[in-house]
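The values are calculated or read from the model by the stated rules, or taken from the named source; none is laboratory data. What you are looking at is a predicted structure, and each value in this text was computed from that prediction instead of being measured. As a convention, Cβ positions derive from the backbone with ideal geometry for all residues, glycine included, and neighbour counts pool all protein chains shown.
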Amino acid sequence: MIKNKRILIAGASGSIGHELVRQLAPPNKIFALDISENVYGLSQELKQKGYWVEPRVGDIRDKETLDDLFEDFKPQIVINAAAYKEVSPMEIYPLEAINTNVVGNYNLLHEAQRWECLEKYVFISTDKAVNSSSVMGATKKLSEIITRNAGCTVVRFGNVIGSRGSLLPIWQKQVDERKPLTVTDENMTRYFMTIPEACELVIKAIEDSKGGDIYIMKMGEKFNIMDMAKEIVKKTKQKIDVIGMRPGETLTEELMTVEEKAKAKEIDNFYIIK
């Protein structure tokens, strides 16, 4: 139902941003922003299909880039999917996580709110922001607060299957190379969602959100990582190596805090926290 809109997608070359560009391009004009040059190839592919997709190589940490972009495009909807998302590297380089996940989001949000054309701003977060024990999770939580306090919308994901740096691509590589599957802890559990489910959640938030709220997909039960690995090695006959938890990792993750659960409303396949 999102039609004839000017939509800016930051992080357009990432797993989620890439799919959002594809899903939202047919009835809209898309400005695809990413620090990676891959955004150009994506735009050329969709232009050949007759869609209006304009690429922009740039960094949300750069205020001049954002000023030029908004001056040229004047987006009505802004989706911020640009972030560092892996836990372990951000424990080593916390300043990079802060500069992109917090300062970058603040820059984009601040610029967006300067323009009267803005209708919706959506920040993509993670369940690692809940009771966060990692640098990456803490930066996402801070940006959740900044975004909601500005009257805009947060979408909180679980682990996205097939996204860059996620578990299954790592295991696939280990299977292909006939190496042992690595598991950090036998008791580790995680929520999982697919890329289409993640995009459905973002689009639902754009359509329905009044601002200042958090949208979360109902994700059922958590999966035990060791049980998943055992199912794979039944067929591949490989070993499983338990390598221990890395800095910032936790045994389990939650979609909401206790306080948020008390306030959350269930609507269709979503939880909405006002």
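Of the residues that make up segment 127-150, is at least one among the β-branched types (V, I, T), closer than 22 Å to H18 by Cα and under 16 Å from the mean Cα position of the chain (by Cα)?
Checking segment 127-150: not a single residue is among the β-branched types (V, I, T), closer than 22 Å to H18 by Cα and under 16 Å from the mean Cα position of the chain (by Cα).
Here are the criteria: (1) within 18 Å of R156 (Cα to Cα); (2) at pLDDT 95 or above; (3) surrounded by 19 or more Cβ atoms within 10 Å (Cβ to Cβ). Tell me which single one Y106 does not satisfy.
Only one criterion in (1) within 18 Å of R156 (Cα to Cα); (2) at pLDDT 95 or above; (3) surrounded by 19 or more Cβ atoms within 10 Å (Cβ to Cβ) is unmet by Y106, namely (3).
So that you can scan it fast, the table gives a plain yes or no per residue for (1) closer than 22 Å to E259 by Cα; (2) touching a residue at least 40 places away in the same chain (Cβ under 8 Å); (3) part of a helix (DSSP H, G or I); (4) hydroxyl-bearing (S, T, Y):
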site: K128; (1), (2), (3), (4): yes, yes, yes, no
site: S143; (1), (2), (3), (4): yes, yes, yes, yes
site: T147; (1), (2), (3), (4): yes, yes, yes, yes
site: K179; (1), (2), (3), (4): no, yes, no, no
site: A198; (1), (2), (3), (4): no, yes, yes, no
site: I206; (1), (2), (3), (4): no, yes, yes, no
site: M219; (1), (2), (3), (4): yes, yes, no, no
site: D227; (1), (2), (3), (4): no, no, yes, no
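Can you go through M193, M136, M188 and tell me which one is more than 21 Å from I7 (Cβ to Cβ), surrounded by 16 or more Cβ atoms within 10 Å (Cβ to Cβ), free of Cβ contacts under 8 Å to residues at least 60 places away in the same chain and not β-branched (V, I, T)?
M193
Looking at this structure, is A138 assigned to a loop (DSSP other than H, G, I, E, B) and within 21 Å of I216 (Cα to Cα)?
Spelling it out, it is not the case that A138 is assigned to a loop (DSSP other than H, G, I, E, B) and within 21 Å of I216 (Cα to Cα).
Filter segment 39-48 for residues that are touching a residue at least 12 places away in the same chain (Cβ under 8 Å) and either under 18 Å from the mean Cα position of the chain (by Cα) or more than 23 Å from T100 (Cα to Cα) (or both) and give the result.
V39, S43, L46, listed by residue number.
Which of the residues belonging to segment 74-99 are over 13 Å from the mean Cα position of the chain (by Cα) and among the hydroxyl-bearing types (S, T, Y)?
To start, the set of residues in segment 74-99 that are over 13 Å from the mean Cα position of the chain (by Cα) comprises 74-78, 87-99.
S88, Y93 - these are the residues of segment 74-99 that are over 13 Å from the mean Cα position of the chain (by Cα) and among the hydroxyl-bearing types (S, T, Y).
Taking segment 63-79 on its own, how many of its residues are under 15 Å from W115 (Cβ atoms) and among the polar types (S, T, N, Q)?
Summing the residues that are under 15 Å from W115 (Cβ atoms) and among the polar types (S, T, N, Q) in segment 63-79 gives 1.
Report, by residue number, each residue of segment 150-177 that is among the hydrophobic types (A, V, I, L, M, F, W, C) and either free of Cβ contacts under 8 Å to residues at least 24 places away in the same chain or assigned to a loop (DSSP other than H, G, I, E, B) (or both).
Result: A150, C152, I161, L168, I170.
Check whether at least one residue in segment 60-72 is under 18 Å from the mean Cα position of the chain (by Cα) and either assigned to a helix (DSSP H, G or I) or not small (G, A, S) (or both), and report yes or no.
yes
Residue-wise test of (1) closer than 15 Å to G17 by Cβ; (2) assigned to a loop (DSSP other than H, G, I, E, B).
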{"residue": "V53", "(1), (2)": "yes, no"}
{"residue": "A82", "(1), (2)": "yes, yes"}
{"residue": "K85", "(1), (2)": "yes, yes"}
{"residue": "V103", "(1), (2)": "no, no"}
{"residue": "L108", "(1), (2)": "yes, no"}
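Could you list all residues from segment 3-38 that are part of a loop (DSSP other than H, G, I, E, B), crowded, with 24+ Cβ neighbours inside 10 Å and without any contact (Cβ under 8 Å) to a residue 40 or more places away in the chain?
S13, the sole residue that qualifies.
Taking the residues in segment 233-274 that are assigned to a helix (DSSP H, G or I) and over 26 Å from the mean Cα position of the chain (by Cα) as candidates, determine which candidate is surrounded by the most Cβ atoms within 10 Å (Cβ to Cβ).
The qualifying residue surrounded by the most Cβ atoms within 10 Å (Cβ to Cβ) is V233.
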